[in-house]
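The values are calculated or read from the model by the stated rules, or taken from the named source; none is laboratory data. Remember, predicted model here, so these are calculated numbers, not experimental data. Cβ: placed from backbone, ideal geometry, glycine included. Neighbour counts: every protein chain shown.
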Ligand code: NAD
């Protein structure tokens, strides 16, 4: 089977490489020729654990090109994995997806199954099918299938090779059979349904997880006020299998390229149908506030950042990725800069991307020690392993004033107590 994948971002490239790992011949298409040149040289343009090794190991089954016509013309299956970013009004911007649909219509010279992996609002697969069929240049049959992606950045390769489930949304059995064949060596439960249900499974899953995070963050905020400990609370809750212990980590809110936009897009769509999703709206509002929690906490210790040496540990929206989309740092750091802070920052993989936004305003350090040296305050925004395993006694040894504001609850309170620091985290007692 000849497979093409449109888009070589976190979803497209991981999909292409994992399909090649399962012996398929895959042509990955992107409009960005710099990315294509890197991949041809065996270099992954994104940071994702295990991805580059897998790419290099499967080079003989992988092609990378910007020439979409060549890639699509005789493909049996074309995956669409381009971005669906948020528009100003919260709805999904489908211009990239429709752009690929148009290119597919121009290019295909034989029957083919078009598989929509991008997260798209309910009903979009129908529109993609109509668009392709109305613009076809050659007399061929096209079948559109929804196959939403559930990978998480930081564990994308593992999530794809050992998927929790493969969802296939089709309107005719043929496309479903082809997709089952594509995925025959992937050991995962397969859910076959219609296209709209498949599209909804993706949004409902992401929005439910966002809700879980916002719920536990609200409980954490209340714990702080009334003297309960969120870590003990979630431990006690997590044993209940109906609740589960995952996605119960209190912190400074979700970020990334999915939860923020997918909550807003479903909320927008529901409103459009005059059927507001109030729980989803609450999750969005709570998250917006939570992102600023550490800045609000910092007011207890000083009224302005002006002239303060601020250490920032972690820039990305979560560990294991170089992605900054919707990272809490992007709303916190501009406030500090505006207020006159001297910022030093550390992140194991996110610095290059952050430098594109703030080349001169921040001093980027290679070590945590160098970052916290002489700092008046330290903000932890991402729970990298290097931060979690950092020797706590170094904060008091190296900082001017050892105030550690931890947005990800990286340390247990017993260790913090012994470290002679002021340690203010989320949903727990402040150690001073
Ligand atoms: P991304 O922004 O990382 O990558 C998109 C890629 O598509 C870019 O490299 C861009 O250059 C390319 N592109 C744009 N137009 C193109 C065209 N006409 N032909 C070929 N390539 C083109 O996006 P992503 O994070 O991989 O997300 C892709 C989709 O998957 C989105 O709908 C997203 O919501 C969904 N999704 C993302 C994740 C995630 O964790 N990132 C997880 C599940 C689902």
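Does residue 17 satisfy the criteria of being within 11 Å of the ligand (Cβ to nearest atom), within 25 Å of the chain's Cα centre (by Cα) and either crowded, with 20+ Cβ neighbours inside 10 Å or not assigned by TED's automatic domain parsing to the domain that holds residue 104 (or both)?
Answer is no for this residue.
So, residue 54, is that one touching a helix residue (DSSP H, G or I) at 6+ places or on another chain (Cβ under 8 Å) and either within 11 Å of the ligand (Cβ to nearest atom) or over 26 Å from residue 199 (Cα atoms) (or both) or not?
Yes, satisfied.
Starting from the range 303-317, take each residue that is assigned by TED's automatic domain parsing to the domain that holds residue 255 and list its partners that are surrounded by 24 or more Cβ atoms within 10 Å (Cβ to Cβ), counting only C-beta distances under 7 angstrom and pairs at least six apart or across chains.
Listed by first residue and then by second, the contacts come to nothing, as the list is empty.
Criterion first (outside the structural domain of residue 365 (by TED's automatic domain parsing), under 29 Å from residue 326 (Cα atoms) and part of a loop (DSSP other than H, G, I, E, B)) does residue 383 satisfy it?
no
Here are 148, 121: which of them is over 30 Å from residue 383 (Cβ atoms), assigned to a loop (DSSP other than H, G, I, E, B) and touching a strand residue (DSSP E or B) at 6+ places or on another chain (Cβ under 8 Å)?
Being over 30 Å from residue 383 (Cβ atoms), assigned to a loop (DSSP other than H, G, I, E, B) and touching a strand residue (DSSP E or B) at 6+ places or on another chain (Cβ under 8 Å) holds for just one of 148, 121, which is 121.
Matching residues to (1) in contact (Cβ under 8 Å) with a residue 60 or more places away in the chain; (2) loosely packed, with under 15 Cβ neighbours inside 10 Å; (3) within 12 Å of the ligand (Cβ to nearest atom):
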residue	(1), (2), (3)
92	yes, no, yes
107	no, no, yes
110	no, yes, no
116	no, no, yes
129	no, no, no
139	no, yes, no
144	no, no, no
149	yes, no, yes
163	no, no, yes
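Looking at the range 71-86, is at least one residue surrounded by 20 or more Cβ atoms within 10 Å (Cβ to Cβ), free of Cβ contacts under 8 Å to residues at least 60 places away in the same chain and within 12 Å of the ligand (Cβ to nearest atom)?
no
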